[in-house]
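Inspection log for the structure reproduced underneath, given as structure tokens.
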Amino acid sequence: MEFSEYLRFFLALVFVIGLIGAAAAMARRMGFGFPSQAIKKSTNRRLAVVEAAPLDGRRRMVLIRRDDTEHLLVLSPNGETVIESGIRAKPEPDGTSTGGNNPEDQA
């Protein structure tokens, strides 16, 4: 193969990558990208991942908090399993409650 054929191949590759980038930019501008309004941007979130730990190469144990209740889950490629539900959440380190008007949190 001659140098001109290598140059032609390289320019075609750059052209195709440029077309893909231009199509992605147009799609994002037209609103086909990631929906930014789908994620709540407030600081008062109701849902949080408290901790996650790998069990083995395929499974992971995750502790999630919703309002002032925690749930322990095992996530795997086959599905999710709830290990424990309704765990009472500990107060935040700064002394504030994670939500709700529970009299025990105020005592």
For this session: Evaluate the range 35-45: report whether one residue or more is among the hydrophobic types (A, V, I, L, M, F, W, C), in contact with a Leu (Cβ under 7 Å, 6 or more places away or on another chain) and either surrounded by 10 or more Cβ atoms within 10 Å (Cβ to Cβ) or modelled with pLDDT under 90 (or both).
Result: no
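Does at least one position in the range 82-92 carry a residue that is under 21 Å from the mean Cα position of the chain (by Cα) and either on the phi > 0 side of the Ramachandran plot or modelled with pLDDT of 90 or more (or both)?
yes
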**OP:** Evaluate the following for residue 107: is it farther than 30 Å from residue 22 by Cβ, of a type in the set (Gly, Ala, Ser) and at pLDDT 65 or above?
**Re:** no
Conditions (1) hydrophobic (A, V, I, L, M, F, W, C); (2) at pLDDT 90 or above; (3) surrounded by 10 or more Cβ atoms within 10 Å (Cβ to Cβ) -> residue 53 fails only (3)
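If you take the residues of the range 67-81 that are within 15 Å of residue 45 (Cβ to Cβ) and either of a type in the set (S, T, N, Q) or at pLDDT below 90 (or both), which of them is nearest to the chain's Cα centre (by Cα)? Talk me through it step by step, then tell me what you get.
Taking the range 67-81 first, the residues within 15 Å of residue 45 (Cβ to Cβ) are 67-70.
Then keep just the ones that are either of a type in the set (S, T, N, Q) or at pLDDT below 90 (or both); that gives 67-69.
Details: 67: 18, 68: 21, 69: 20 Å.
Among those residues, the one meeting the criterion is 67.
The values are calculated or read from the model by the stated rules, or taken from the named source; none is laboratory data. Being a predicted model, the structure only gives us computed values, none of them experimental. Cβ coordinates were reconstructed from backbone atoms using ideal geometry, including for glycine residues, and neighbour counts include every protein chain displayed.
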